[in-house]
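Participant: Mind looking over this structure? Questions follow.
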Amino acid sequence: MSFQAYLDNIRIKTGRSPDQFRKWGKDKGFSTATGLADGVKVGVIVAALKDEFGLRHGHAMAIVALLKGKKK
């Protein structure tokens, strides 16, 4: 599955766009404009995404990649 397919499926499931997840990450203190905030563990972000949005591990990791700035 392509990264874009992950994002498309996440949007269908949550109704949120990548930009909305970027804002969510900043609002939660998980990320900055340049990547993950200092000291933030990926597992904490994944757990929050699973809890708040019902995402499974692979989709949560796609959002982590987005927050890290690895994917645009």
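Participant: Between helix 57-68 and the chain, what is the angle of the helix's C-alpha long axis to the longest principal axis, kept within 0 to 90° and rounded to the nearest 10?
Facilitator: Tilt relative to the chain: about 50 degrees.
Participant: Quick query: amide H of SER31 versus all other amide H atoms, modeled in the peptide plane; which residues come in under 5 Å with a sequence gap of 5 or more or a different chain?
Facilitator: When sequence neighbours closer than 5 places are left aside, the close amide H contacts are LYS26, ALA37.
Participant: Order of 56-67, 20-31, 3-14 by packing, highest average Cβ count within 10 Å first?
Facilitator: Numbers: 56-67: 18.5, 20-31: 16.3, 3-14: 14.5.
Ranked from most to least packed, the peptides come out as 56-67, 20-31, 3-14.
Participant: I'd like the distance separating the alpha-carbon centroids of the range 37-71 and the range 1-36, in whole Å.
Facilitator: About 8 Å separates the Cα centre of the range 37-71 from the one of the range 1-36.
Participant: Also, I was wondering about something else. Using only the alpha carbons of the chain, determine the length spanned along each of the three principal axes and report them from longest to shortest in whole angstroms.
Facilitator: 30, 24, 18
Participant: Per the helix-only calculation at 222 nm, which mean residue ellipticity applies to the chain, given -39500 (n - 2.57) for every DSSP H run of n ≥ 4 and division by its residues, nearest 500 deg cm²/dmol?
Facilitator: Mean residue ellipticity at 222 nm (helix-derived): -20000 deg cm²/dmol.
Participant: Additional query: Which one of GLY43, HIS59, TRP24 is farthest out on the positive end of the charge dipole of the chain, using unit charges on Cβ (Lys, Arg +1; Asp, Glu -1) and the Cα centre as origin?
Facilitator: Going by the Cα projections, it comes out as HIS59.
Participant: Give me the angle, in degrees from 0 to 90, between the Cα long axis of helix 42-53 and the longest principal axis of the Cα atoms of the chain, rounded to the nearest 10.
Facilitator: Result, in degrees: 50.
Participant: Would you mind working out the magnitude of the charge dipole of the chain relative to its Cα centre, with +1 at each Lys and Arg C-beta and -1 at each Asp and Glu C-beta, to the nearest 20 Debye?
Facilitator: 140 debye
Read-outs throughout are calculated quantities, based only on the coordinates presented, and are distinct from any laboratory measurement. What you see is a predicted model; the values in this text were computed from it and never measured. Don't worry about glycine lacking a Cβ; one is built from the backbone with ideal geometry, like all the others, and counts go over all protein chains shown.
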